[in-house]
Amino acid sequence: MSEPLHRDADVLVIGGSLAGAWAALTARKAGAEVVIVDKGWIGTAGIVAAATGGGYFLLPDDPEQRARTIRIRHDQADGLDDLAFCEKVYEQSYRCYRALEDWGFRFDRMGGFRGPDSMLFLRRLLRKAGVHILDHSPALELLADATGAIAGAAGVPRKTGVSWRVRAAAVILATGGNAFRSGAMGTGGSTGDGYLFAAEAGASAVGMEFSGHYAFVAEGSSCTKGGMYHLYGQIFDEDGVKLDPQPGWAAVPAAGQAMLAGKRVYAQIDVPAGSEPSVRGMMPNFFAYFERNGVEALNARWPVGLLYEGTVRAAGGLEVDDEGATGVHGLFAVGDVADKTRLTGAQMSGAGAAIAWCVASGQWAGAGAARFARELGSAHAARPAQGIGGVGVRATKNWNGHEALLPSQVEQVVRDEILPLEKTLYRSGKAITASLAALDPLWSDAARCLARGTSGRDAMRAREAAAMTLTARWIYRSADQRKETRGLHRRSDYPQTDPAQRRNLRVSGLEKVMVQPRVSPV
């Protein structure tokens with residue numbers, strides 16, 4: 001039997017995809033001792049490793065390119081973006097991409113990340129820099145001292161079940177968003193764990209209602225890459241009626257309504273003659289499904305479905321400052337788990353903004369966490385600290401004879417309230433109330449009797465079920481308060497955008513979820 005692993009570090013990063021890897025690398029280069037942990041194997045885990053995408057950036061000496069890029073999502077942001085912040089992020093992403101080139105990374109095009117090759121390169125950089133990597137080792141809870149300051153985290157390897165515990169001066173959450181196990185490509189581990197950890201520490205989130213994003217997929221496929229639809233695609237219903245007023249994700253609402261009416265929906269990707277080889281090379285993972293099934297993807301029409309991507313491609317997330325600090329002493333957040341409304345407003349982030357945000361937020365939070373650890377000094381490891389995890393890691397209520405709930409049972413209830421088009425594509429006050437009537441008691445029941453099992457995988461699944469439940473409640477509580485339609489938040493009972501509601505909503509809490517307008521101006 002292996003002994004439990006105990007380590008001290010200056011910075012602990014939870015999550016090893018692009019944002020987490022970049023944060024860990026930055027903190028290490030700033031002189032911090034760094035540990036990074038992930039549910040999977042760092043280098044193949046996460047959404048970036050499953051995808052191919054390009055991040056936005058600003059060229060220093062091209063005013064036209066800079067102006068175009070800064071405003072590229074502005075018209076769809078519904079008044080919630082911040083163009084000065086966009087400029088800051090995209091300037092930083094350019095510096096990060098150039099640093100990668102200096103370290104030997106070769107882009108097909110500036111800012112382009114080609115799936116696992118990119119993440120394997122970053123893994124090699126992490127190892128070379130001396131970052132300690134824990135693969136297949138999900139975090140289960142944060143550690144905090146008597147003042148509430150974060151002092152590390154604890155978890156368990158999925159295979160052995162032997163616990164690990166890392167004491168750290170600062171913790172960076174890079175756990176990604178929550179796709180509620182919809183089946184969307186690369187999102188199997190994206191279950192909202194970071195929201196749960198942060199909520200238990202007292203942090204808040206904003207923009208969680210902007211989460212009604214579904215992505216087009218070829219029927220039977222899990223690939224939600226949208227670039228082909230946006231560049232070359234058209235969307236039709238079974239009667240041949242064109243559904244997309246604009247290409248790509250703008251057609252999702254109309255396509256969803258057609259599907260709800262019982263109609264099949266089709267896509268057609270038309271490219272100029274002779275360009276087929278170069279187009280296929282742009283996004284090889286998009287074409288893998290078609291090649292595997294002997295279906296012609298280009299200049300042909302084929303049926304599509306919609307897969308929910310939730311907060312993975314949406315805008316909202318944990319509220320952070322410009323260094324990634326959450327407001328909880330010693331806790332930082334980067335990438336998809338952190339708020340992106342300042343970049344994309346109420347609309348989906350897609351690859352361009354999201355990849356830029358991953359590296360920029362990782363740069364800032366990595367540097368900020370290393371500085372925080374340096375100021376705290378080596379005495380941080382001597383602080384008495386204990387786990388602050390609740391639902392799914394330890395009972396928060398008495399059992400009172402209740403039958404144990406399995407994580408799969410909890411997940412199914414949550415998925416039934418979140419994934420269906422009829423509940424999330426267009427929301428209504430009546431439907432939101434009905435969903436919360438299922439989700440709030442589920443949280444209370446899970447707090448009382450969610451089975452935690454005996455293996456590492458069981459422990460991970462229990463916490464994932466708790467995180468999915470909390471995320472759904474945060475989404476619906478926020479959606480209930482925003483009585484308008486704006487971006488990815490659509491209300492059938494409030495179909496218009498209300499200029500008076502041009503502000504973000506802050507959500508926090510566990511047993512009692514609280515929502516209030518954020519007082520800082522957009």
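The values are calculated or read from the model by the stated rules, or taken from the named source; none is laboratory data. Since this is a predicted model, take the numbers as computed values, not measurements. Cβ coordinates were reconstructed from backbone atoms using ideal geometry, including for glycine residues, and neighbour counts include every protein chain displayed. The protein model used for the area step is the full one, side chains on, heavy atoms only, and it has no ligands, DNA or RNA in it. Shrake-Rupley method; radii C 1.70, N 1.55, O 1.52, S 1.80 Å.
Remark: pairs (first residue in region 473-487, under 20 Å from PHE180 (Cα atoms) and at pLDDT 95 or above; second residue acidic (Asp, Glu) and not in a helix (DSSP H, G or I); Cβ separation under 8 Å; 6+ apart in sequence or on different chains) = ILE475/GLU209; SER478/GLU209; ALA479/GLU209. Here ALA462 fulfils each of the conditions (1) crowded, with 24+ Cβ neighbours inside 10 Å; (2) touching a helix residue (DSSP H, G or I) at 6+ places or on another chain (Cβ under 8 Å); (3) small (Gly, Ala, Ser) apart from (1). In the set (1) closer than 23 Å to ALA154 by Cβ; (2) of a type in the set (A, V, I, L, M, F, W, C); (3) part of a loop (DSSP other than H, G, I, E, B), the condition left unmet by PHE332 is number (3).
When residues in region 268-323 are screened for being of a type in the set (D, E, K, R), touching a residue at least 40 places away in the same chain (Cβ under 8 Å) and open to solvent by 10 Å² or more (accessible area, probe 1.4 Å), 5 of them pass.
Residue count for region 200-224 under the criterion of being over 20 Å from ILE235 (Cα atoms) and either in a strand (DSSP E or B) or open to solvent by 10 Å² or more (accessible area, probe 1.4 Å) (or both): the result is 6. The residues of region 371-389 that are out of contact with any Asp or Glu (no Cβ under 6 Å at 6 or more places or on another chain) and at pLDDT 85 or above, listed by number, are ARG371, PHE372, ARG374, GLU375, LEU376, GLY377, PRO384, GLN386. Filtering region 225-243 to residues that are outside any strand (DSSP E or B), under 21 Å from LYS263 (Cβ atoms) and open to solvent by 50 Å² or more (accessible area, probe 1.4 Å) leaves GLU238, ASP239, VAL241. ALA447 meets all of the listed conditions (1) open to solvent by less than 40 Å² (accessible area, probe 1.4 Å); (2) modelled with pLDDT of 95 or more; (3) not aromatic (Phe, Trp, Tyr) but one, namely (2). Residues that are within 16 Å of LEU12 (Cβ to Cβ), open to solvent by 10 Å² or more (accessible area, probe 1.4 Å) and not in a strand (DSSP E or B) occur in region 172-188; there is at least one. Considering ALA45, ALA32, ALA49, the condition of being assigned to a loop (DSSP other than H, G, I, E, B) and under 21 Å from PHE121 (Cβ atoms) is satisfied by ALA45 alone.
Regarding LYS423, is this residue free of Cβ contacts under 8 Å to residues at least 24 places away in the same chain and either assigned to a helix (DSSP H, G or I) or closer than 19 Å to ALA462 by Cβ (or both)? Judged against the criteria, LYS423 is a match.
Of everything in region 506-522 that is of a type in the set (A, V, I, L, M, F, W, C) and modelled with pLDDT under 95, the residue that is least open to solvent (accessible area, probe 1.4 Å) is VAL522. Exactly one residue among ARG482, ARG503 is crowded, with 16+ Cβ neighbours inside 10 Å and under 18 Å from VAL320 (Cα atoms), and that residue is ARG503. Give region 346-362 a look and list any residue that's surrounded by 24 or more Cβ atoms within 10 Å (Cβ to Cβ), in a helix (DSSP H, G or I) and touching a Phe, Trp or Tyr at 6+ places or on another chain (Cβ under 7 Å), or say none. Residues satisfying the conditions are ALA353, ILE355, ALA356, CYS358, VAL359, GLY362. For region 324-345, the candidate set comprises residues that are small (Gly, Ala, Ser) and either without any contact (Cβ under 8 Å) to a residue 60 or more places away in the chain or within 20 Å of ALA21 (Cβ to Cβ) (or both); within that set, the residue that is surrounded by the most Cβ atoms within 10 Å (Cβ to Cβ) is GLY335.
Mind checking which residues of region 245-267 are under 23 Å from ASP75 (Cα atoms), touching a residue at least 12 places away in the same chain (Cβ under 8 Å) and outside any helix (DSSP H, G or I)? Answer for region 245-267, where residues must be under 23 Å from ASP75 (Cα atoms), touching a residue at least 12 places away in the same chain (Cβ under 8 Å) and outside any helix (DSSP H, G or I): just PRO247. Scanning region 91-117 for residues that are acidic (Asp, Glu) and either closer than 15 Å to TYR56 by Cα or open to solvent by less than 40 Å² (accessible area, probe 1.4 Å) (or both) yields GLU91, ASP108.
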